[in-house]
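A.B. asks: Sending over a structure as structure tokens; questions will come in a sec.
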Amino acid sequence: GATNEKDMKTGKLAHHGCSVAEFLQNLPTPCLSVYDTRRGTKEGQEAEKVLCFHPEWASTHVRTSLVGLAQALTSFSASFGADESSEHVMDAKHHRWVLVQCEPHIWLLMVAKKTWLG
């Protein structure tokens, strides 16, 4: 069968050399992840923190980088004396990041292009 441009992009992005910026720029759907902050606390074990991730073809590097950035965001906001909120929203230039603490130590992360949000 013929390969369309979207398939070519996702195949390219699945490559381990894909940067997080390239992944987000070409993301065909919202990115979703569930992660556990109790896991993967030692260097080299960060991937254990990610319980699930969509899209599935994202590399381990991209998955752990996005989850690490999400954790940094919640830690950074807490350093300003922000209450221990279970919800965090960050608007970047092209994306909105939404983090929800579902249970103690369990977080849901969504990263969506602003153009999808209307």
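A.B. asks: For segment 85-118 and segment 43-60, write down the distance between their C-alpha centroids in whole Å.
C.D. replies: Between the Cα centres of segment 85-118 and segment 43-60 lies a distance of 17 Å.
A.B. asks: Based on the Cα gyration tensor of segment 45-118, what are the three equivalent ellipsoid semi-axes, each the root of five times an eigenvalue, rounded to whole Å and given largest first?
C.D. replies: Semi-axes (√(5λ), whole Å): 20, 18, 11.
A.B. asks: Output the peptides 104-117, 63-76 sorted from most to least packed, where packing is the average of other Cβ atoms within 10 Å over each peptide's residues.
C.D. replies: 63-76, 104-117
A.B. asks: While we're here: Hey, got the dipole for segment 59-118? About the Cα centre, +1 on K and R Cβ, -1 on D and E Cβ, debye to the nearest 20?
C.D. replies: For this selection, approximately 440 debye.
A.B. asks: Okay, moving on. Suppose R0 equals 25 Å. What FRET efficiency, 1/(1 + (r/R0)^6) with r the Cβ-Cβ distance, do L51 and S19 give to the nearest 0.05?
C.D. replies: 0.60
A.B. asks: Here is a further query. Can you find, among G44, G68, L32, the residue farthest towards the positive end of the dipole of segment 23-93? Put +1 on the C-beta of Lys and Arg, -1 on that of Asp and Glu.
C.D. replies: Ranked along the dipole, the leading option is G44.
Read-outs: derived from the displayed coordinates by stated rules, not from any lab. No experiment lies behind these values; they were computed from the predicted model shown. Glycine also receives a Cβ, built like all others from the backbone with ideal geometry; neighbour counts cover every protein chain displayed.
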